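Below is one structure; the comments refer to it alone.
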Amino acid sequence: GEDVEQSLFLSVREGDSSVINCTYTDSSSTYLYWYKQEPGAGLQLLTYIFSNMDMKQDQRLTVLLNKKDKHLSLRIADTQTGDSAIYFCAEKGGGGSYIPTFGRGTSLIVHP
Amino acid sequence: DAGVIQSPRHEVTEMGQEVTLRCKPISGHDYLFWYRQTMMRGLELLIYFNNNVPIDDSGMPEDRFSAKMPNASFSTLKIQPSEPRDSAVYFCASSLAPGLANEQYFGPGTRLTVT
């Protein structure tokens, strides 16, 4: 079945850029998402990209999609301590299943 | 809208007891999802409903787990009898029809501890 892979941890210094990577297997993915989960809370959508795009920018966030390699990344510029959270990659396929598949999440730790 | 509402936020129970988790989706959303999150297994989809009808319950781990959606504004996830390995955070999420980019809106979760 479809699978979404992410590294489990990323540690960065405050003010640096963070890059969180994700790979997926479903070649018919139509939408790819990044969700953020803060401590003690549910997941919240950060941004998404349609599969016919290769980049999307939203303030400090840049999403890059390499559809050929099935690779998605989220770059956070000028990372702040408030960005510390778990970031989930998710993909939604076009092959009839419109239910997103989530990765296991990457814990971003921002230290001073 | 108040968002997806879950209750209780925390539940501590003894092994063998029945546990009922509750969810109120966002009004107008016709899809409802139950997830379980653990360190070992990450975020797992347990079951989802469309227009109150269960569509896919293949993620429900065992017969001890059951879910209902008696109306568009309420769903329950029941575990009977509960076991220590059921300890996890359980999330409810709702969405509009998922055929487009429509995102899932998650509740704050119920942290379940079974001793």
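Which of the residues spanning the range B:88-107 are touching a residue at least 24 places away in the same chain (Cβ under 8 Å) and open to solvent by 40 Å² or more (accessible area, probe 1.4 Å)? Give the derivation first.
Of the range B:88-107, the ones touching a residue at least 24 places away in the same chain (Cβ under 8 Å) are B:88-98, B:104-107.
Correct list: B:LEU96, B:ALA97, B:TYR105.
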Study note, to complete from the structure: Checked the range A:98-112 for anything within 8 Å of chain B (Cβ to nearest Cβ) and open to solvent by less than 10 Å² (accessible area, probe 1.4 Å); matches are A:GLY103, A:GLY105
Review point. Out of (1) surrounded by fewer than 18 Cβ atoms within 10 Å (Cβ to Cβ); (2) without any contact (Cβ under 8 Å) to a residue 12 or more places away in the chain; (3) closer than 25 Å to B:GLN37 by Cα, what's the single condition that is false for A:ASP58?
Key: (3)
Review point. Any idea how many residues of the range A:30-47 are facing another protein chain (nearest Cβ under 8 Å), open to solvent by 20 Å² or more (accessible area, probe 1.4 Å) and not polar (S, T, N, Q)?
Key: 4
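Conditions (1) on the phi > 0 side of the Ramachandran plot; (2) in contact with a Pro (Cβ under 7 Å, 6 or more places away or on another chain); (3) at pLDDT below 95, marked per residue:
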{"position": "B:VAL12", "(1), (2), (3)": "no, no, no"}
{"position": "B:PRO25", "(1), (2), (3)": "no, no, no"}
{"position": "B:ARG36", "(1), (2), (3)": "no, no, no"}
{"position": "B:LEU43", "(1), (2), (3)": "no, no, yes"}
{"position": "B:ILE47", "(1), (2), (3)": "no, yes, no"}
{"position": "B:VAL53", "(1), (2), (3)": "no, no, no"}
{"position": "B:GLU62", "(1), (2), (3)": "no, no, yes"}
{"position": "B:ASN71", "(1), (2), (3)": "no, no, no"}
{"position": "B:PHE74", "(1), (2), (3)": "no, no, no"}
Practice item. Any chance you could count how many residues in the range B:31-87 are out of contact with any strand residue (DSSP E or B) (no Cβ under 7 Å at 6 or more places or on another chain) and either charged (D, E, K, R) or open to solvent by less than 60 Å² (accessible area, probe 1.4 Å) (or both)? Key: 7
Point to revise | Enumeration of residues in the range B:9-35 that are in contact with a Leu (Cβ under 6 Å, 6 or more places away or on another chain) and assigned to a strand (DSSP E or B) | key: B:GLU11, B:LEU21, B:TRP34, B:TYR35
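Check A:ALA77, A:ALA90, A:ALA85 and return the single one that is within 12 Å of chain B (Cβ to nearest Cβ) and either touching a residue at least 24 places away in the same chain (Cβ under 8 Å) or surrounded by 21 or more Cβ atoms within 10 Å (Cβ to Cβ) (or both).
The match here is A:ALA90.
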Point to revise | Among residues of the range A:4-20, those that are more than 16 Å from A:GLY93 (Cβ to Cβ) and surrounded by fewer than 17 Cβ atoms within 10 Å (Cβ to Cβ), counted | key: 10
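The values are calculated or read from the model by the stated rules, or taken from the named source; none is laboratory data. Model, not experiment: these values are computed from the prediction. Please note: Cβ atoms are built from the backbone with ideal geometry, for glycine as well, and neighbour counts cover all protein chains shown. Side chains are part of the model used for accessible areas, which takes the heavy atoms of the whole protein and leaves out ligands, DNA and RNA. Shrake-Rupley method; radii C 1.70, N 1.55, O 1.52, S 1.80 Å.
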